[in-house]
Amino acid sequence: MKVLILTAATGGGHMRAAHALESYITNHSQEDHVVVLDALKTVGPILNHTCCDGYRFLCKRVPQAFGTLYRVTNRKSPMGGMMFRINYQHSGRLAPTIEGEHPDVILSTHPFATEMVSEMKQKGYQVPLLCLMTDYGPHRAWIAPNVDAYIVSNEDMVPQMEKMGVPPEIVFPYGIPVTDVFFEKKDKAALREKIGLAADKPTILFMAGSFGVTNIISIYEDLCTLNLDFQVIVITGKNEKLYHEFEDAVQESSKKTRLVYFTHEVANYMHASDLLITKPGGLTVSESLACNLPLAVFDAIPGQEEDNAAFLQNHHMAVRLNQHEDTTQVIAELLENPQKLAEMRHACALFDKSKAAQNIFMLIQDLYARCHPEQAKKQSAE
């Protein structure tokens, strides 16, 4: 069986989910083959740059405008129809590449790719299509005709999707796949010592997110004025400007701080921490929850990140850091009340999506077997 995973680089989450699923299938099946394809790049550089650069610009420079666009396109409106027509027009450019791959099943982690394949199926293309939604609330941009299964992050989304016209029997709340290392049980004290921190001291992890943010500097500086005993890890990602700004802030700080640029060891830093301060991007949230790491979220982009933050708060897995509140007091209350932090950690543990990739792969196999019963029976016998 050949699985084609379509994704796009509008934010890092779509890609990370795609590669996490690719890794699982590759590591657990020798008979099956996975190809990950950036759908927007395949269509062409103009659409790719327009979507990716436009998304980054809106989120960083005019987030309120993005929020308005998000809300307008999340209801039946001419604007929502226009987005569908744009994808409809570009589906013909994606079709030759998809047909050339000869996939048995297609899974999409991006709404544009989902709509493009949906249109191909409308024209007679017969391959099962799964849509993996990478946030914690639904949006109509993800919903398209001819989708055989929706994989969503949580159970709350099933009735929400039904209100949008999606039959609940094709919505599967398996969770967003992340790599296995996030689910591993690690020795917190040993990890802290390995990175040069005290083994027994409360540890706060800051992550700036894929776009990088400046508010995180002021949150760090304010937090370090607290007369409480804790230590800090800061990961800036590939943001040199932010990294250098943090270098100056760390030198002035009274708190022991481990400053990290881009790293492949995010899981270990999460496992070493007691609280994550970050923007609520879908994949960062999923990775943190996999580590049973409570969150304090800030600067949520109006739209999907607001949905993510609301879900976390409603299920007692995160606190919100609002601009008009004393953020240091919110964090201080957690550090001074270990029981509250333990309850949040327990809530994260109860939200167990450790079988997400496995369940998604089984669903893929099931859809393949329905379309190719003889071939599936032959593979099973082998």
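The values are calculated or read from the model by the stated rules, or taken from the named source; none is laboratory data. All figures in this text were calculated on a predicted structure; none of them were measured in a lab. Note that each Cβ is placed from the backbone with ideal geometry, even for glycine, and that neighbours are counted across all protein chains shown.
Taking first residues from the range 122-148 that are acidic (Asp, Glu) and partners that are buried (at least 19 other Cβ atoms within 10 Å of the Cβ) and in a strand (DSSP E or B), the Cβ contacts under 8 Å between residues at least 6 apart in sequence or on separate chains come to ASP148/LEU129; ASP148/LEU130.
Might you let me know whether the range 226-239 holds any residue that is surrounded by 14 or more Cβ atoms within 10 Å (Cβ to Cβ), under 28 Å from the mean Cα position of the chain (by Cα), of a type in the set (Phe, Trp, Tyr) and in the same structural domain as ILE277 (by TED's automatic domain parsing)? Among the residues of the range 226-239, not one is surrounded by 14 or more Cβ atoms within 10 Å (Cβ to Cβ), under 28 Å from the mean Cα position of the chain (by Cα), of a type in the set (Phe, Trp, Tyr) and in the same structural domain as ILE277 (by TED's automatic domain parsing), which makes the answer no. Among the residues of the range 121-148, those identified as assigned to a helix (DSSP H, G or I) and out of contact with any strand residue (DSSP E or B) (no Cβ under 9 Å at 6 or more places or on another chain) are GLN122, ARG140, ALA141.
Does ARG56 qualify as being at pLDDT below 65, surrounded by 14 or more Cβ atoms within 10 Å (Cβ to Cβ) and closer than 28 Å to VAL266 by Cα? It is true that ARG56 is at pLDDT below 65, surrounded by 14 or more Cβ atoms within 10 Å (Cβ to Cβ) and closer than 28 Å to VAL266 by Cα.
Within the range 117-172, if we keep just the residues that are over 15 Å from the mean Cα position of the chain (by Cα) and of a type in the set (Asp, Glu), the residue that is farthest from LEU367 (Cα to Cα) turns out to be ASP156.
Here are LYS241, LYS256: which of them is under 22 Å from GLY11 (Cα atoms) and of a type in the set (Lys, Arg)? Residue meeting the stated conditions: LYS241. Look at (1) part of a helix (DSSP H, G or I); (2) modelled with pLDDT of 95 or more; (3) in contact with a helix residue (DSSP H, G or I) (Cβ under 9 Å, 6 or more places away or on another chain) and you find that TYR88 fails only one, number (2).
This table checks each residue for (1) modelled with pLDDT of 95 or more; (2) under 19 Å from ILE331 (Cα atoms); (3) in contact with a strand residue (DSSP E or B) (Cβ under 9 Å, 6 or more places away or on another chain).
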{"residue": "ALA199", "(1), (2), (3)": "yes, no, no"}
{"residue": "PHE211", "(1), (2), (3)": "no, no, no"}
{"residue": "LEU228", "(1), (2), (3)": "yes, yes, no"}
{"residue": "LYS238", "(1), (2), (3)": "no, no, no"}
{"residue": "GLU245", "(1), (2), (3)": "no, no, no"}
{"residue": "THR257", "(1), (2), (3)": "yes, yes, yes"}
{"residue": "VAL285", "(1), (2), (3)": "yes, yes, yes"}
{"residue": "ALA290", "(1), (2), (3)": "yes, no, no"}
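Would you confirm, using the coordinates I've provided, whether VAL285 is buried (at least 22 other Cβ atoms within 10 Å of the Cβ) and not in a helix (DSSP H, G or I)? No; evaluated as a whole, the condition is false for this residue. Within the range 169-183, does at least one residue satisfy the condition of being closer than 17 Å to LEU275 by Cβ, at pLDDT 95 or above and crowded, with 19+ Cβ neighbours inside 10 Å? Yes, because at least one residue in the range 169-183 is closer than 17 Å to LEU275 by Cβ, at pLDDT 95 or above and crowded, with 19+ Cβ neighbours inside 10 Å.
With respect to the stated conditions, VAL166 is aliphatic (A, V, I, L, M), out of contact with any helix residue (DSSP H, G or I) (no Cβ under 8 Å at 6 or more places or on another chain) and surrounded by 16 or more Cβ atoms within 10 Å (Cβ to Cβ). Among the conditions (1) β-branched (Val, Ile, Thr); (2) over 20 Å from LEU289 (Cβ atoms); (3) not assigned by TED's automatic domain parsing to the domain that holds ALA149, ILE331 misses just one, which is (2). Within the range 184-194, the residues that satisfy the criterion of being among the hydrophobic types (A, V, I, L, M, F, W, C) and surrounded by fewer than 15 Cβ atoms within 10 Å (Cβ to Cβ) are ALA189, ALA190. The set of residues in the range 338-376 that are outside any helix (DSSP H, G or I), modelled with pLDDT under 95 and small (Gly, Ala, Ser) is empty.
Selection of the range 296-337 for residues being of a type in the set (D, E, K, R) and in a helix (DSSP H, G or I) yields GLU305, GLU306, ASP307, GLU333.
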